[in-house]
Structure formats: C-alpha cells, structure tokens
Amino acid sequence: MEVVEVAGLGKTYPGGTEALRSVSFSVHRGEVFCLLGRNGAGKTTLLRILATQLRPTGGQATVFGLDVAREPKGVRSRISVLPQEARPLMMLSAYDHVRLMCMIRGMSRADAARRSQELMEQFELWDHRDKLCADLSGGLRQRVLLCMALSSNPELLFLDEPTIGLDPVGRRQVWAAVRRLTKSGVTVLLTTHYMDEAERLSDRLAIIDKGQLAFLGTVEEAKAVTGAGMRVVIEASNGNGREVLSPKSNEEILAIVQRSIREGRRVTFQPPTLEDAFIRIVGGSIENETA
Amino acid sequence: MRTRLREILYIGIFDSLPLVRDPMMLILLSLISFLPVFFLFLFAGINAALPALVGAIILTLGFSSLAVAQSVYFYKHWFRFQDMLVASPVSPISYALGLSLSTLISSAPAVVLALAVILVSNPNPVGPVEVMLVIAASILLWLSMLFVGYALGASTKNTRRANSLPQVLGFMIGFLPPVYYPLDLLPGWLQPLAMLIPSTHAAQLAKHYFGLLTVPLSPSDIIIGWAYLIGFAIAMAFITVRKAHWVDP
C-alpha cells in the first residue's frame, strides 16, 4: 500500500478560484517526495488537503489507505505538519514550545522532557533552550518549529518550505534530519522553492503548474526533459550580459556556437540543473541576465 | 476523556504562559479594568468604588474572553499553530476549551483579589450563595464574549482588525454601559439602550447580589437579567458555530 495516493484531486475555493485540477500521484513509504511549483501553483493547497486541513472539492486522496476527507481522525494520529511561514510565540522559550507540543500530543511530562531534549540536541538548540524565541535568530526559530513538528514521531511528515530563513549549516541539518527520518521508515512530503534542496533530498518529485501536475518522476528524469542534456552559457567578451540556453538538438548547439564565435562571445557548456528542467516544464523563459 | 483534558490543559498553558511568566504585564493588563475603580475611590469614595469594583470583576473576565479573538486569528494566520494542531489528534473542542481556559488563567488572579477586597470592604452581609450567583453572572458574560471572540477571530481576514475589533468591542461593553456607574445616572431614554448590552445585565445582577444597588432589582428584573445573559450566550454560540471552521472549506 502506498503512503499517499491521490486520484483526480481538485480544489476550487469558495470564492471560485480553481487551485487544483485533477492531480494524481502516489508517494511510497520511506521516500522524500518534493512538490515544486511557482508561487500560487497549488503546492500548499495540495499539502493542506493531504494533511486534513483543507477539504477537497473533487477526486480522492488517501493517506495510509484512509480517505483524508472522510476519515481524517485516522490520518491525523500518524502525521505531523510544519506549515509554511509558521512562527513561534516570541515570549515563550524554545524549550517550552517543544515540551508543550509533546504534551499536547499526549506524552507524559517525563517523556515530553526526554523527547524535547533529544530533538533539541539533534538540532543544536539545547544550549538555547531557555531563551525566549524573540531572542533567537530566524534560523533557530525555524528549528524550534521543526522540533515541534517532529515531537510526535510521525510516520508521514509534511514540511511546507521548511528551510526558509535557514543558513547553509541550518539547511544541511534539516536535510540530514530528513534523511535520518526516511532511513527509519518515515515518509516526508515537502514543498520547496530551493531547487538544490529538491535535487539533494528528493527520491521523486512532482511539479505543479497552475493547479495541474506538470511532471512526476525522479530528478534525473526531470533533467532529461531539458533536451540535449546540457545548458549553454554565453557571455559577452566584456563580461556584461549573460545568456543561458537549453538547446534541444546537436544542430541547435552548433548554431549557438557559430553565432557566439561570430559575435566574439564566450561559450561554456554545463550539465543541466533541476532549475533548468523546472523552467522548461513550467514554461517560463530561460535565464537571461544583463549585468 | 483524560487525553482531552490534558489537551485542554496544555493548550491553555501554551497560550497563557507568556503572560504568566511576565507578572508585570499580567498586573498591567488587569489594571486596565480596575483603573476607573481607583479614580472613583479617589474622587467619590468607597460607596462609589465598591459597585465599580463589582463591574471591574465582570469586565476583567469580559475583556480577557474577548481577547480570544486575537489568539484565534493569530494562531490561525500568523503563528500557524492551529494548522499544526488540525493535523494532529487534538480535537477542535479541546483547542477551543484550551484557549478559553487560558483567558481564565490570565484573569483569575485579578478577579480573586477584587472579590476578596469586596468581601472584606462590603458593609452588607454576603453569603456563599450570593458569591456563587455573582460568579455565575460573570461567567455567563465571559462565555458570551468568548463566543463573540471566536466568531470575530474566525471571520476576520485583516490583521489590523484582529487587533482593533476586540478593543472597540471591549470599550462598548465596558466603558459605555452602566457597569462602573449606576444605571440611574443615564438619561431615561438611554436606559433601554443600555439594557441591550449584556454587561449591563451582568453588572446589575452582581451589584444586586452584593447589596450595592440603591434600589434592589425586582424579581422580574432578575429573571429578565438572567434570561438575557443566557439568551445572548446561546445566540453568540450559534453564530460562532456558523463562523468557525477547524478544517478549512
């Protein structure tokens, strides 16, 4: 049985905005599944439906075989969520946040204290435990929220842009924690705008565009969508202006090279990135920078 | 059942802990409803201050329950704490009762202190039944304002209004109607209007049971007072049920 199964899922908000249109995919146990998409593409709507926070208006979604709309109680005991742009209470300490969340989710005082310490040590928060969240940096606050989300040992964890505001070290700590979780069988469904994050973390990914599933597969499969398997960077000789192209055929590459030589511009070849694939799939323009 | 009680308790603690850990702020917030009492005592003496103190007890509970609107709004739209709890086994009833408990935790010290002052300073003999009836009237107003707070917090879409609406309503139930001052100070044509505000009924009943009205309430006034408070609470509960959602539509 798949952990998440989505079939023809649709969501039209009461105001008439159609956020999701017939989305179908599944998530396997123990994998990291990334949802990518532009702002307003429907990623958070999809995640909130799966996390039983929002009612779908069409299709069906099941988590652990339970329908999220009809049997949400069964789903809720096995999941946890870190919502997008969540914030801790400024006048409450880091430790109070994590310990109280453990107790709200049913742990005894002793278990909550033990679990809080374990999580806060894992995220290097233990030394900051008594500080008010107002006195913590943005990255440390985000880690407090992550500890809250992880407090209940969920089987399926939803992370909505979990590394926003984190420094590179903090991001890697989150990635390491996600990897540790998946090794112990936890399934992680996350949305992100960071392509490097999706590239490093995801076993599979889905790209949502205008409420529809635009791509489903692995990172390598996504990169293959770019065409000839490389990106061409053309720079003006004076360093002003940079153009990045993703040619689809050898003929196109040859034409680009010939044109660049004629114009006296420098050409370099790079393997395609997930960002190239993303832009290709969602139909935006390829990077075209002018310094 | 035990699980639900634990949820209520810890949600209540989560919400009230920042205030409980900052007694200065707790005292300052309590002072808002007790400030008019101080001035009445200073300029009009104990006879005016005691009824006003009764009004302050009622309003401390009313103000704190209205403030639940801010908790509901900000936990939903700013901290996203509600979203974390929706995706957990916590029930919406536990969440609502937890936030309600928090308003009691933060207002209880001031209420208990003021009750003690009244019982000590009141020249009229007051029995436990009267004290219970005053607490019941205060709790009914607290409950009504709590429902108003939930309905406001759940339906407000604007952060500014989430902050200002409870304050405006607090002013309307607290400082305009005859809660601190006697009803008969109002012109005759304004008195029926004042009776539309539930805090007037709660204050009149409480002052009556403490023997602090110059003319005690008639049995029919007492029945009308209780009926109005109960009816208002039921009406607000109905609106809250219509407005508040645990799972977004």
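The values are calculated or read from the model by the stated rules, or taken from the named source; none is laboratory data. All figures in this text were calculated on a predicted structure; none of them were measured in a lab. Note that each Cβ is placed from the backbone with ideal geometry, even for glycine, and that neighbours are counted across all protein chains shown. What goes into the accessible areas is simple: the full protein's heavy atoms, side chains included, and nothing from ligands, DNA or RNA. Shrake-Rupley method; radii C 1.70, N 1.55, O 1.52, S 1.80 Å.
Summary of values
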{"quantity": "Gain on full stretching of the segment that runs from B:L176 to B:T3 - 0.36 nm per residue minus C-alpha separation", "calculated": "58.0 nm"}
{"quantity": "Dipole-positive endmost among A:A198, A:S246, A:A113 within chain A (Cβ charges, Cα centre)", "calculated": "A:A113"}
{"quantity": "Alpha-carbon spread of the protein assembly as shown, three principal axes, descending order, Å", "calculated": "102, 49, 45"}
{"quantity": "Highest average packing first - A:91-97, B:140-146, Cβ atoms within 10 Å", "calculated": "B:140-146, A:91-97"}
{"quantity": "Rough spin-label spacing in nm, given labels placed 7 Å along Cα→Cβ, for A:R180 and B:V129", "calculated": "6.4"}
{"quantity": "Shape call, region A:1-102: gyration tensor on alpha carbons, a/c limit 1.5", "calculated": "prolate"}
{"quantity": "3J(HN,Hα) from dihedral phi, region A:126-137, Karplus parametrisation 6.51/-1.76/1.60, rounded to Hz, x for glycine, proline", "calculated": "4, 5, 9, 4, 8, 6, 5, 4, 4, 8, 9, 6"}
{"quantity": "Global form of chain B, assessed from the alpha-carbon gyration tensor, a/c cut-off 1.5", "calculated": "prolate"}
{"quantity": "Contour excess over end-to-end distance, with Cα ends at A:E221 and A:D130 and 0.36 nm allotted per residue", "calculated": "28.1 nm"}
{"quantity": "Crossing angle, helix A:250-263 versus chain A [Cα axis fit, 0-90 degrees, rounded to tens]", "calculated": "70"}
{"quantity": "For A:R99, net neighbour charge (Lys/Arg +1, Asp/Glu -1) across residues whose Cβ lies under 13 Å away", "calculated": "+1"}
{"quantity": "Virtual spin-label span in nm between B:Q167 and A:S249, 7 Å along Cα→Cβ", "calculated": "6.8"}
{"quantity": "For the protein assembly as shown, size of Cβ-based charge dipole, Lys and Arg +1, Asp and Glu -1, in debye", "calculated": "380"}
{"quantity": "Normalised convex hull volume, region A:95-209, alpha-carbon set, Å³ per residue", "calculated": "111"}
{"quantity": "Förster radius 30 Å - calculated FRET efficiency between A:D67 and B:I230, Cβ distance, rounded to 0.05", "calculated": "0.15"}
{"quantity": "Accessible heavy-atom area order of A:R21, A:R280, highest first, probe of 1.4 Å", "calculated": "A:R21, A:R280"}
{"quantity": "DSSP-defined beta bridges in the protein assembly as shown - what % are antiparallel, rounded to 5", "calculated": "60"}
{"quantity": "Over region A:230-270, relative contact order from alpha-carbon pairs under 8 Å, at least 6 apart, %", "calculated": "54"}
{"quantity": "In degrees, nearest ten, helix A:109-122 long axis to first principal axis of chain A (Cα)", "calculated": "20"}
{"quantity": "Shielding of B:86-97 by partner chains, average beta-carbon count, 10 Å", "calculated": "5"}
{"quantity": "Using θ = phi - 60° and Karplus 6.51 cos²θ - 1.76 cosθ + 1.60, couplings along region B:191-199 (whole Hz; Gly, Pro as x)", "calculated": "4, x, 5, 4, 6, 7, 8, x, 5"}
{"quantity": "Where only alpha carbons of chain A are counted, the Rg and the Dmax (Å)", "calculated": "21.8, 74"}
{"quantity": "Residue mean of other protein chain beta carbons inside 10 Å, A:106-112", "calculated": "2"}
{"quantity": "Region B:42-60 residues near the modelled B:T214 label - backbone nitrogen below 16 Å, point 7 Å along Cα→Cβ", "calculated": "B:44-52"}
{"quantity": "Nearest-0.05 FRET efficiency for B:L42 and A:Q60, computed from C-beta distance (R0 60 Å)", "calculated": "0.30"}
{"quantity": "Net lengthening on full extension, A:M230/A:E85 (0.36 nm per residue, minus Cα-Cα)", "calculated": "48.7 nm"}
{"quantity": "Amide hydrogen neighbours beyond the local backbone of A:Q212, cut-off 5 Å, H modeled", "calculated": "A:R21"}
{"quantity": "Gaussian network model of chain A, Cα within-10 Å springs - most flexible of A:G106, A:G138, A:G74", "calculated": "A:G106"}
{"quantity": "Alpha-carbon centroids, region B:173-249 and region A:1-77: separation in whole Å", "calculated": "47"}
{"quantity": "Gyration tensor over alpha-carbon atoms, region A:92-150, equivalent ellipsoid semi-axes in Å", "calculated": "18, 10, 10"}
{"quantity": "Degrees between helix B:68-77 axis and first principal axis of chain B (Cα, 0 to 90, nearest 10)", "calculated": "20"}
{"quantity": "Total charge dipole magnitude, region A:230-270, about the Cα centre, Cβ charges on Lys, Arg, Asp, Glu only, Debye to nearest 20", "calculated": "60"}
{"quantity": "Under 5 Å, built H, 5+ apart or other chain: amide partners of A:Q84", "calculated": "A:D160"}
{"quantity": "Whole-Hz couplings from phi, Karplus 6.51/-1.76/1.60, listed for region B:112-122; x for Gly and Pro", "calculated": "4, 4, 5, 4, 4, 4, 5, 5, 6, 8, 5"}
{"quantity": "Inter-part distance where region A:170-189 and region B:55-79 are each reduced to a Cα centre, Å", "calculated": "38"}
{"quantity": "A:R200-B:D248 pseudo-label distance in nm [points 7 Å out on the Cα-to-Cβ vector]", "calculated": "2.9"}
{"quantity": "Per residue, the convex hull volume that the Cα atoms of region B:115-249 enclose (Å³)", "calculated": "138"}
{"quantity": "Förster-model FRET efficiency, 30 Å R0, B:I93 and B:K157, C-beta, rounded to 0.05", "calculated": "0.75"}
{"quantity": "Estimated translational D of region A:230-270 in µm²/s (Stokes, Kirkwood radius over Cα pairs; 4 °C; 1.567 mPa s)", "calculated": "128"}
